[in-house]
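Enquirer: Pasting a structure here, questions to come.
The values are calculated or read from the model by the stated rules, or taken from the named source; none is laboratory data. Being a predicted model, the structure only gives us computed values, none of them experimental. Note: ideal-geometry Cβ built from the backbone for every residue, glycine included; neighbour counts use all protein chains shown.
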Amino acid sequence: MQKAKSNPQVVLRPQDLVVLLRLSIEKGAAPTYAVLASELSLTASEIHAGVERAVLAQLARKDQAGKATVVREALRQFVLNGARYAFPATRGGMSRGMPTGYAAAPLADKIVQPNEPAPVWPHKNGTARGEAFYPLYPTVPEAAGRNPALYELLVLFVAVRGGSPRERALALPLLDERLAG
């Protein structure tokens with residue numbers, strides 16, 4: 001009997017996109033993996049592995065000191081054109097959580113709120129009740145609560161990932177300008 005060969009193909013994981021979005025808002029030197037881990041509620045090894053996968057995917061590069069920087073144009077193209085297919089939207093029933101998509105800034109004031117449950121990231125400390133829209137990674141609500149700029153990027157990605165055509169049309173240029181830096 002022949003032993004099955006493993007697949008050496010590297011695949012981006014949802015938390016990798018969260019790490020890249022967080023790094024994309026950094027104006028100065030990238031924070032340490034420990035700082036990112038604390039902010040994103042991940043482990044330093046998860047941050048490291050995510051950065052390594054991002055480098056292989058050409059969404060990030062490392063300088064000679066090993067500090068990661070986002071390849072902004074590549075990330076922008078991936079988020080605008082491919083990420084919603086790589087990480088399709090997953091919804092659930094009614095839940096308490098954090099408002100997202102059209103129900104949160106920067107989209108909330110641009111869209112007339114419909115008479116239906118708003119999308120929320122399920123979270124035990126959430127302040128809103130609505131339809132569960134599962135985040136890219138379970139720690140997203142905590143990370144978004146710590147960093148308003150990251151929250152806005154993730155909200156815009158939710159609209160691109162699973163919003164109506166109108167929501168996507170409003171979110172895409174806002175996401176584009178934030179990622180173009």
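Enquirer: For the range 27-62: of the residues being buried (at least 16 other Cβ atoms within 10 Å of the Cβ) and part of a loop (DSSP other than H, G, I, E, B), which is modelled with the lowest pLDDT?
Expert: ALA30
Enquirer: Scan the range 48-68 for residues that are free of Cβ contacts under 8 Å to residues at least 24 places away in the same chain and of a type in the set (Lys, Arg) and report the count.
Expert: So the answer is 2.
Enquirer: Still on this structure, please answer the following. Starting from residues that are part of a strand (DSSP E or B) and either on the phi > 0 side of the Ramachandran plot or of a type outside the set (S, T, N, Q) (or both), keep the ones in the range 90-108 and report whichever is surrounded by the fewest Cβ atoms within 10 Å (Cβ to Cβ).
Expert: GLY93
Enquirer: Taking PHE78 as the residue in question, decide whether it is outside the structural domain of LEU172 (by TED's automatic domain parsing) and among the aromatic types (Phe, Trp, Tyr).
Expert: The answer is yes for PHE78.
Enquirer: Follow-up question, since we're still on this one. Quickly run through the range 101-118 and pick out the residues that are in contact with a Phe, Trp or Tyr (Cβ under 9 Å, 6 or more places away or on another chain), touching a residue at least 40 places away in the same chain (Cβ under 8 Å) and under 22 Å from PRO138 (Cα atoms).
Expert: GLY101, ALA104, ALA105
Enquirer: Working carefully through the options THR139, THR127, find the one that is surrounded by fewer than 22 Cβ atoms within 10 Å (Cβ to Cβ) and under 16 Å from the mean Cα position of the chain (by Cα).
Expert: THR139
Enquirer: Still on this structure, please answer the following. Confirm whether LEU174 is under 20 Å from VAL70 (Cβ atoms) and either of a type in the set (A, V, I, L, M) or surrounded by fewer than 16 Cβ atoms within 10 Å (Cβ to Cβ) (or both).
Expert: Numbers: under 20 Å from VAL70 (Cβ atoms): yes; either of a type in the set (A, V, I, L, M) or surrounded by fewer than 16 Cβ atoms within 10 Å (Cβ to Cβ) (or both): yes.
Here the answer is yes, as LEU174 does meet what is asked.
Enquirer: So in the range 109-124, with the set limited to residues that are within 20 Å of the chain's Cα centre (by Cα) and modelled with pLDDT under 95, which one is surrounded by the fewest Cβ atoms within 10 Å (Cβ to Cβ)? Give the steps one after another, and end with the answer.
Expert: Within the range 109-124, the subset within 20 Å of the chain's Cα centre (by Cα) is 118-124.
Subset that is modelled with pLDDT under 95: 118, 124.
Values: ALA118: 19, LYS124: 7.
The qualifying residue surrounded by the fewest Cβ atoms within 10 Å (Cβ to Cβ) is LYS124.
Enquirer: Show the residue pairs meeting these rules: Cβ distance below 6 Å; 6+ apart or different chains; first residue within the range 25-47 and touching a residue at least 24 places away in the same chain (Cβ under 8 Å) and closer than 17 Å to TYR137 by Cβ; second residue surrounded by 12 or more Cβ atoms within 10 Å (Cβ to Cβ) and of a type in the set (Lys, Arg).
Expert: GLU39/ARG146
Enquirer: Follow-up. Which of the residues that make up the range 65-89 are of a type in the set (Lys, Arg), part of a loop (DSSP other than H, G, I, E, B) and within 15 Å of the chain's Cα centre (by Cα)?
Expert: None - no residue of the range 65-89 is of a type in the set (Lys, Arg), part of a loop (DSSP other than H, G, I, E, B) and within 15 Å of the chain's Cα centre (by Cα), so the list stays empty.
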